[in-house]
Amino acid sequence: QVQLVESGGGLVQTGGSLRLSCKAPPRTLSAYVMKWFRQAPGKEREFVAGISWNGRSTSYADAVKGRFTISADNVQNTVYLQMNLLKPEDTAVYYCNADGRARGGSADHWGQGTQVTVSS
């Protein structure tokens, strides 16, 4: 089990910004693809952003591309999600995920989630 702890969620106005943090155990970021997912009420959990082990490759869902930025700090063992120009549609619980399938592990490593609420 990879223990992940998210923080940084909160209530913001439309157009505002938040930075989410995901604290991981030491060496996790070099062995896993780190990802952010989100789940809104009544909806399935959806992919938001991902970053490779070396941080040189990132990917984003179309809904957040150009507004969100994922990054990682291997010294602090933390992955971040900088969210700008937030919209009410971004309201959801955001989850950090560690995907170890490329190295023989599983993708079933999740944090507890942090709530993001964007008011109109």
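If contacts are Cα pairs under 8 angstrom and at least 6 residues apart, what is the relative contact order of the chain in percent? Don't jump to the answer; show the numbers that get you there.
Numbers: 305 pairs, mean separation 43.2, N = 120.
This gives 36 percent for the chain.
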For segment 58-71, in residue order, the Karplus 3J(HN,Hα) values (coefficients 6.51, -1.76, 1.60; θ = phi - 60°; whole Hz; Gly and Pro = x) are 10, 9, 9, 5, 4, 5, 10, 4, x, 10, 9, 9, 9, 8
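In nm, what is the difference between 0.36 nm times the number of residues separating residue 71 and residue 13 and their Cα-Cα distance? Walk me through the intermediate numbers first.
On the way: separation 58, 0.36 × 58 = 20.88 nm, distance 2.34 nm.
Additional length available on full extension: 18.5 nm.
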Simple SL model, points at 7 angstrom along Cα→Cβ for residue 54 and residue 85; separation in nm is 3.0 nm
Pairs over 21 Å Cα to Cα, from 43/87; 23/43; 65/87, come to 23/43
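Charges only on Cβ, +1 for Lys and Arg, -1 for Asp and Glu: so what's the dipole of the chain about the Cα centre, in debye to the nearest 20? It would help to have the intermediate numbers written out before the result.
Working: 13 positive and 9 negative charges, 47 e Å.
So the dipole magnitude of the chain works out to roughly 220 debye.
Each reported figure results from applying straightforward, stated rules to the coordinates on display, with no laboratory input. What you see is a predicted model; the values in this text were computed from it and never measured. Note that each Cβ is placed from the backbone with ideal geometry, even for glycine, and that neighbours are counted across all protein chains shown.
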